[in-house]
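The values are calculated or read from the model by the stated rules, or taken from the named source; none is laboratory data. Quick caveat, the model's predicted, so the values are computed rather than measured. With ideal geometry, Cβ positions are generated from the backbone for all residues, glycine too; neighbour counts draw on all protein chains shown.
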Amino acid sequence: MADPFRWRSTTIRAITPATARVKSFRFDALDGPHRAGQHVDVRLTAPDGYQAQRSYSIASVPGDPAGLELMIERLADGEVSGFFDEVAEIGDAIEMRGPVGAFAWEAADGGPVLLVGGGSGVVPLLAMVRERALRAPDVPMLLIYSARRAAEVIARGELSARSRDETGFDLTLLLTREGPTAGRRIDRVMIDTAIECLGMPRHSFVCGGNAFVGTVADLLVDAGVRPSAIRTERFGG
């Protein structure tokens, strides 16, 4: 089995805009399998030897024939994200290691599964949605996705289509800066409504900024979700 902590060289196979600030990058497939929700580390090395490293969640399902997909958001003053946004081209060799992380779900874990994502925190949850569709379509799953504006929603078309066409998958999309939900945040009413629709979740996954994750995790516990059933992934301040 491949060593997930060994750095290896991989090649960019495709680059596609996802939103104005996010691009989808397809790389060579990993040496070994991964679980939906895990991440990889990416390392860049400058000619003078300076190195910069960052972790990115995997958006693709295990075994995707199109290769490994990362969705990378351009961040202000981001060394690694700036490279991918402005410099990276198809055919470039990139150092990568992984997959790693216990924030993961697979078909054998069952459900119901409640996913809650904020901004680009939806990426590992998207992998779980895709994994369910491919290998466990009978598992009930609901995604609550909070984004500022419609134009910033990652995979909006795909998620909307899955919610419309796939029995047992539901999407609640909250836009906090525009439309009828402007100014609203994920609250207890929204969590209660999701649980009423889904049933008490066997697994809950929450991903986003620190404050977002802390607030949502507390709401889930208050709504009766077992703390041991809640897994979180945090980024930023």
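I'd like to know if region 81-94 contains one or more residues that are crowded, with 19+ Cβ neighbours inside 10 Å, without any contact (Cβ under 8 Å) to a residue 40 or more places away in the chain and closer than 22 Å to GLU233 by Cα.
yes
Which of the residues that make up region 37-63 are part of a loop (DSSP other than H, G, I, E, B) and either in contact (Cβ under 8 Å) with a residue 60 or more places away in the chain or closer than 15 Å to GLY101 by Cα (or both)? Even if it seems obvious, please write down each step before you answer.
From region 37-63, those part of a loop (DSSP other than H, G, I, E, B) are 37-38, 46-50, 59-63; that's our starting set.
Passing the criteria: GLY37, GLN38, ALA59, SER60, VAL61, PRO62.
PRO33 is checked against (1) under 30 Å from VAL225 (Cβ atoms); (2) surrounded by 15 or more Cβ atoms within 10 Å (Cβ to Cβ); (3) in contact with a Pro (Cβ under 7 Å, 6 or more places away or on another chain) and fails just one. What number does that condition carry?
Result: PRO33 fails condition (2) only.
Select the helices (runs of 4 or more DSSP H) contained entirely in region 118-237, then report the ones holding at least 2 residues which are under 17 Å from the mean Cα position of the chain (by Cα) and of a type in the set (Val, Ile, Thr).
Details: elements: 122-135, 156-165, 188-198, 210-222.
Those helices (runs of 4 or more DSSP H) span 122-135, 210-222.
Out of (1) more than 19 Å from GLU152 (Cβ to Cβ); (2) surrounded by 14 or more Cβ atoms within 10 Å (Cβ to Cβ); (3) not small (Gly, Ala, Ser), what's the single condition that is false for ASP222?
Failing condition for ASP222: (2).
Please enumerate the residues belonging to region 24-36 that are under 16 Å from the mean Cα position of the chain (by Cα) and either part of a loop (DSSP other than H, G, I, E, B) or among the aromatic types (Phe, Trp, Tyr) (or both).
PHE25, HIS34, ARG35
Being crowded, with 16+ Cβ neighbours inside 10 Å and acidic (Asp, Glu) narrows it down to one residue among GLU178, GLU152, GLU166, GLU158; which is it? Give the derivation first.
Details: GLU178 fails: crowded, with 16+ Cβ neighbours inside 10 Å; GLU166 fails: crowded, with 16+ Cβ neighbours inside 10 Å; GLU158 fails: crowded, with 16+ Cβ neighbours inside 10 Å.
Residue meeting the stated conditions: GLU152.
If you check LEU75, LEU115, which single one turns out to be assigned by TED's automatic domain parsing to the domain that holds GLY199, under 18 Å from the mean Cα position of the chain (by Cα) and among the aliphatic types (A, V, I, L, M)?
Values: LEU75 fails: assigned by TED's automatic domain parsing to the domain that holds GLY199.
LEU115 is the lone residue from the list that is assigned by TED's automatic domain parsing to the domain that holds GLY199, under 18 Å from the mean Cα position of the chain (by Cα) and among the aliphatic types (A, V, I, L, M).
So which residues in region 7-23 are touching a Lys or Arg at 6+ places or on another chain (Cβ under 6 Å) and part of a loop (DSSP other than H, G, I, E, B)?
Listed by number, the residues that qualify are TRP7, ARG21.
Which of the following residues is more than 19 Å from ALA229 (Cβ to Cβ), touching a Leu at 6+ places or on another chain (Cβ under 9 Å) and of a type in the set (A, V, I, L, M): ILE186, ILE154, ILE144, ILE195?
Residue meeting the stated conditions: ILE154.
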